[in-house]
Amino acid sequence: MNSKSIAPCGMNCNTCIGYLRDKNKCPGCRERDTNKPNSCRKCTIKNCSILKELKQKFCSDKCKKFPCKRLIQLDKRYKTKYGMSMLKNLEDIKEIGIRKFVENEKIRWKCPKCGEILCVHRDLCLKCGEVKQKQ
């Protein structure tokens, strides 16, 4: 887990089912589009012209539209379905820095039983089946 695995929207790609799967593994939002699902390749946040124009790493860096409608919708869906907030992640990155954020994420998403990375999209550890605690 490193800073390159944190998407511009605040998503930790290391915890994504696409990143964790064995077959057709997604390389993460900041990497090439090979093996990415169509929804990820066409992501309006990843492909945001303001993000590219300002050469920002994260949506929260300098964008005057932050948080945009799309990010608010994505955050709401992830909070409701998966108990994770991209907006909170971006706030944390701004407050404590990317290095400390990544260190915290390593602890937050570590399976207490087997030590593997937990998936944000599943209620069980993909490796050992341990029930994931609510975030």
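In segment 10-24, whose amide N lies under 20 Å from the spot 7 Å out along Cα-to-Cβ of N38? List them in ranges. 17-19, 24, by backbone N distance to the label point. Residues K132, K36, K94, arranged from fewest to most other Cβ atoms within 10 angstrom of their Cβ, appear as K94, K132, K36. As a proxy for reagent exposure, I6, I98, I93, I72 were ordered by neighbouring Cβ count within 10 angstrom, fewest first; the result is I72, I98, I93, I6. Among M84, M11, sorting on how many other beta-carbon atoms sit within 10 Å of each Cβ, with the fewest leading, yields M84, M11.
R70 to K106: extension gain in nm, 0.36 nm per residue of separation minus the Cα-Cα distance? That works out to 10.3 nm of additional length. Between S3 and K23, the simple label model (points 7 Å from Cα in the Cβ direction) yields a spacing of 3.7 nm. Between amide H atoms placed 1.01 Å from N, distances below 5 Å from K110 occur with L118, all of them 5 or more places distant or on a separate chain. Using a 4.7 Å Cβ-Cβ cutoff, the cysteines of the chain lacking any partner cysteine are C9, C13, C16, C26, C29, C40, C43, C48, C59, C63, C68, C119.
Only Cα pairs under 8 Å and 6+ residues apart enter the sum, and on that basis the relative contact order of the chain stands at 24 percent. Computed about its Cα centre, the charge dipole of the chain is approximately 380 debye, with only Lys, Arg, Asp and Glu carrying charge at their Cβ.
Only the coordinates and a few stated rules stand behind these numbers; no lab work does. Worth saying up front: this structure is predicted, and the values here are computed from it rather than measured. Cβ atoms come from the backbone with ideal geometry, glycine included; neighbour counts cover every protein chain shown.
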